[in-house]
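This report concerns only the one structure given below.
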Amino acid sequence: MKFNTKTIHAGQEPEPTSGAVMPPIFQTSTYAQEAPNVHHGYEYARVSNPTRTALEKLIAGLEGASDCAAFASGCAAMDAMVKMFRPGDHIIASNDLYGGTYRLFTQVFEPYRITFSFIDMSDPANVEKALTGNTKMVWIETPTNPLLRIVDIKAVSDIARKAGVLSVIDNTFASPYLQNPLKLGADAVVHSTTKYLGGHSDIIGGAICTSHPDIIENMRFQVKTTGAVPGPMDCYLTLRGIKTLHVRMDRACTNAQAIVEYLTNNTDVGSVNYPGLESHPHHHVARSQMNDYGAMVSFTLKDDSVENAKKFMSCTRYFTLAESLGGVESLISHPASMTHASIPADIRKKAGLSDSLIRLSVGIEDVEDLISDLDQAFKSV
């Protein structure tokens, strides 16, 4: 089954009692049992729900995983993943990563004596150097947020496997349409389904996909025990969003490439971060492991000041100044004060994230309108 067909059919069957083509919204908290522990596969909605099951099967199919656990948010999915580990365990993570991930790792789990090393993973050798006898997981973002750096998934996963360490990929920026980490050797994939999978900025959700037995067992335990699960309406909306994932991603990527070309030829622009550029230091890795280069772009102004960057972001009309990404609408954001504000300034700057960096999530509007919007913003600064 090809990917475009998978978005419609992977793990999906018409609902058996009615023949409904789309999975119904099972808005219930509990299920009737014929006798104690004799039921139709569902007993309590915190543990499982038919609408959630349909979503999990669909995402697992897209990622080529044997199972998927859906969560109430991307952060809840990450939280469940790290709860596999115990005091004294060590985790290696990208140093250019989502601020919410950094906050979760350092402010929630470090006090429980789980330790973290944040390194530049664009060179796989750095991962090998960071391994210790207590390392249990390598946490990878690629493309990274917000500098669009690329990590060689196969190379890092191979290093992790040889060391007996789990490799987990945050695949939110790429989506399963552009990148399939499990096929490259990763043990698990994490998504904020809020972003490209949902695709319409109307739900919050997360997911973990894997074929690793220990991870599957642990995720099901976390779902049942901690209960950070999505409601059936959120699951339904995500299911509906995924049906057009391939169409939306194609258009958004095409738009992003046109915008990158505009930015690279604009004398008011300082630098542009986009893995589709041949000048990108790891363009060759992106080309080998991605089907396209995504719809996320970041850049700086030539007159590189925080004041100018903030003024620019306040002048756009079609690019909405807002957090998040991956919706049909184009968004513009200031990582240093928005998505990455929880990372201390000195650590941000050490990783290369300047206070003047601007991030774009390119949507599916008419690209001429988007370029015109950026053009008038440049003229306003």
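The values are calculated or read from the model by the stated rules, or taken from the named source; none is laboratory data. The model shown is predicted, which means the values in this text are computed figures rather than measured ones. Note that each Cβ is placed from the backbone with ideal geometry, even for glycine, and that neighbours are counted across all protein chains shown.
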| field | From Ile259, Ile332, residue being among the β-branched types (Val, Ile, Thr), crowded, with 21+ Cβ neighbours inside 10 Å and without any contact (Cβ under 8 Å) to a residue 60 or more places away in the chain | value | Ile332
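Does any residue of region 218-231 turn out to be touching a Leu at 6+ places or on another chain (Cβ under 9 Å), modelled with pLDDT of 95 or more and not aliphatic (A, V, I, L, M)?
Within region 218-231, the subset touching a Leu at 6+ places or on another chain (Cβ under 9 Å) is 230.
Now restrict to residues that are modelled with pLDDT of 95 or more: 230.
Now restrict to residues that are not aliphatic (A, V, I, L, M): 230.
Scanning region 218-231, I find at least one residue that is touching a Leu at 6+ places or on another chain (Cβ under 9 Å), modelled with pLDDT of 95 or more and not aliphatic (A, V, I, L, M), so the answer is yes.
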| Can you pull out the residues in region 130-149 that are in contact with a Ser or Thr (Cβ under 9 Å, 6 or more places away or on another chain), crowded, with 24+ Cβ neighbours inside 10 Å and in a loop (DSSP other than H, G, I, E, B)? | Thr142, Thr144, Asn145, Pro146, Leu148, Arg149
| query | touching a residue at least 12 places away in the same chain (Cβ under 8 Å) and under 19 Å from Met137 (Cβ atoms), is that true of Ser167? | reply | yes
| Condition test on Lys310, is it under 26 Å from the mean Cα position of the chain (by Cα) and of a type in the set (D, E, K, R)? | yes
| field | Boolean, Val151 is under 30 Å from Val247 (Cα atoms) and touching a strand residue (DSSP E or B) at 6+ places or on another chain (Cβ under 9 Å) | value | yes
| field | Pairs, first part of a helix (DSSP H, G or I) in region 340-355, second of a type in the set (Asp, Glu), C-beta under 8 Å, six or more apart | value | Ala345/Asp355; Arg348/Asp355; Lys349/Asp355
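Return yes or no: is Gly206 touching a His at 6+ places or on another chain (Cβ under 7 Å), assigned by TED's automatic domain parsing to the domain that holds Cys235 and over 13 Å from Gly326 (Cα atoms)?
On the way: touching a His at 6+ places or on another chain (Cβ under 7 Å): yes; assigned by TED's automatic domain parsing to the domain that holds Cys235: yes; over 13 Å from Gly326 (Cα atoms): yes.
In short, yes.
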| note | For region 260-272, the count of residues that are in a helix (DSSP H, G or I) and touching a Ser or Thr at 6+ places or on another chain (Cβ under 9 Å) equals 1
| query | Of the residues in region 4-60, how many are surrounded by fewer than 16 Cβ atoms within 10 Å (Cβ to Cβ) and not in a loop (DSSP other than H, G, I, E, B)? | reply | 8
